[in-house]
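Novice: Take this structure, written in structure tokens, and hold onto it; I'll ask about it next.
The values are calculated or read from the model by the stated rules, or taken from the named source; none is laboratory data. Fair warning: this is a prediction, and the values are worked out from it, not measured in the lab. Don't worry about glycine lacking a Cβ; one is built from the backbone with ideal geometry, like all the others, and counts go over all protein chains shown. Remember, those area values only see protein heavy atoms, side chains included, never the ligands or the DNA or RNA. Shrake-Rupley method; radii C 1.70, N 1.55, O 1.52, S 1.80 Å.
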Amino acid sequence: MSFCIGKLYLANMETNNYISFHIGKGLGMTDDAQKMSGAEAQEALNAARAAEDVSRKRARMPLWLNAAMAASVGAMVAVGLEDKTELLIFCFVVVFGLLNYQRKRSGVVPLVRPEGGANWLGLTGFIVVALGVYAAGVYLTDNLGYTWAPLAAGGMVAGMAFVVSLSGRS
Amino acid sequence: MAALDPVIHAPNRLQICAFLSPLEEAEFQVLRDDLGVSDSVLSKHVKQLEDAGYIEQLKRKAGGRQRTWLALTPEGRKALRAHVAALEVIVAAAKGVKAV
């Protein structure tokens, strides 16, 4: 049996048994799925949730990496509006490199698709607004000749991407 | 009512599946360290989950060394959800009994 503060040990990892510790009653074990008590089921659920929490924490990017990713996405929009293909390719390479660094650093790859309706809504909303900002940037640059439009659009998208990435941390 | 899955029922296998559930994939060493088990124990349980079609192993080379990555399959995700639902039913039933 192992106990480890800050990790997952609600169950004995070396065996297939759940361990129920009750003060004054000692350790009780069972491995029979059909005779599982409410307390054992609760322990199993707690262990599963603890494992998920550890996994989510591990998958979480450090703040500087969130900021770097958001800046890179914003830069993609800005250089895309400026029609600078080489820089756009460079931005893609940077984003890919940051994702690869995070994968190596954490040893995990988080789910690409969002979990839950609210997260889907957030991602869809971000894509729609980002496309809207891009379209506005194209209009302002091509039709009105505003040279600051690409930078402004890129900055807005970077800011939104950062906020969205922060909401994913909670 | 959803039934408990005998493959996932063992605590370590439940934790392996739960750990992998918010992820596309995780490195074998990471899972071993975070769950606090030996290589052999983890390998044994991964093999059982793989045989059931709940997990797949992906071998990749990194820095000249082969690394094993683990991922839950769609069947594994479905089985985990059903198992957790069954556990929740047991807990709810036990609470209901206590309340009476």
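Novice: For segment A:113-135, how many residues meet the condition of being at pLDDT below 70 and aliphatic (A, V, I, L, M)?
Specialist: 1
Novice: Output the qualifying pairs, or none if there are none: Cβ atoms under 7 angstrom, residues six or more apart or on different chains, first residue in segment B:47-62 and on the phi > 0 side of the Ramachandran plot, second residue outside any strand (DSSP E or B) and open to solvent by less than 50 Å² (accessible area, probe 1.4 Å).
Specialist: Pairs found: B:53/B:73.
Novice: Examine segment A:26-40 for a residue that is modelled with pLDDT of 90 or more, part of a helix (DSSP H, G or I), closer than 25 Å to residue B:93 by Cα and at the interface with chain B (Cβ under 7 Å from one of its Cβ atoms), and state whether such a residue exists.
Specialist: no
Novice: Of all residues in segment B:39-54, how many are within 13 Å of the chain's Cα centre (by Cα) and closer than 13 Å to residue B:27 by Cα?
Specialist: Qualifying residue count, segment B:39-54: 3.
Novice: Which of the residues spanning segment A:51-73 are among the small types (Gly, Ala, Ser) and at pLDDT 90 or above?
Specialist: Scanning segment A:51-73 gives A:51, A:55, A:67, A:68, A:70, A:71, A:72.
Novice: For segment B:28-46, name all the residues that are without any contact (Cβ under 8 Å) to a residue 40 or more places away in the chain, more than 7 Å from chain A (Cβ to nearest Cβ) and of a type outside the set (Asp, Glu).
Specialist: B:31, B:32, B:38, B:40, B:42, B:43, B:44, B:45, B:46 - these are the residues of segment B:28-46 that are without any contact (Cβ under 8 Å) to a residue 40 or more places away in the chain, more than 7 Å from chain A (Cβ to nearest Cβ) and of a type outside the set (Asp, Glu).
Novice: Also: Checking residue A:107 against (1) open to solvent by 60 Å² or more (accessible area, probe 1.4 Å); (2) within 30 Å of residue B:35 (Cβ to Cβ): exactly one of these is not met. Which one?
Specialist: Among (1) open to solvent by 60 Å² or more (accessible area, probe 1.4 Å); (2) within 30 Å of residue B:35 (Cβ to Cβ), the lone unmet condition for residue A:107 is (1).
Novice: Scan segment A:58-78 and tell me whether some residue there is of a type in the set (Lys, Arg) and touching a residue at least 12 places away in the same chain (Cβ under 8 Å).
Specialist: So far as segment A:58-78 goes, yes, one or more of its residues are of a type in the set (Lys, Arg) and touching a residue at least 12 places away in the same chain (Cβ under 8 Å).
Novice: Please go through segment A:43-77 and give me each residue that is in contact with a Lys or Arg (Cβ under 9 Å, 6 or more places away or on another chain) and open to solvent by 20 Å² or more (accessible area, probe 1.4 Å), ordered by number.
Specialist: If the condition is that a residue be in contact with a Lys or Arg (Cβ under 9 Å, 6 or more places away or on another chain) and open to solvent by 20 Å² or more (accessible area, probe 1.4 Å), then A:50, A:54, A:60, A:61, A:62, A:63 are the ones that fit.
Novice: Is it the case that residue A:11 is under 21 Å from residue B:17 (Cβ atoms), in contact with a strand residue (DSSP E or B) (Cβ under 8 Å, 6 or more places away or on another chain) and modelled with pLDDT of 85 or more?
Specialist: no
Novice: Scan segment B:6-27 and give yes if some residue there is at the interface with chain A (Cβ under 7 Å from one of its Cβ atoms), in contact (Cβ under 8 Å) with a residue 60 or more places away in the chain, farther than 20 Å from residue A:56 by Cβ and crowded, with 16+ Cβ neighbours inside 10 Å, otherwise no.
Specialist: yes
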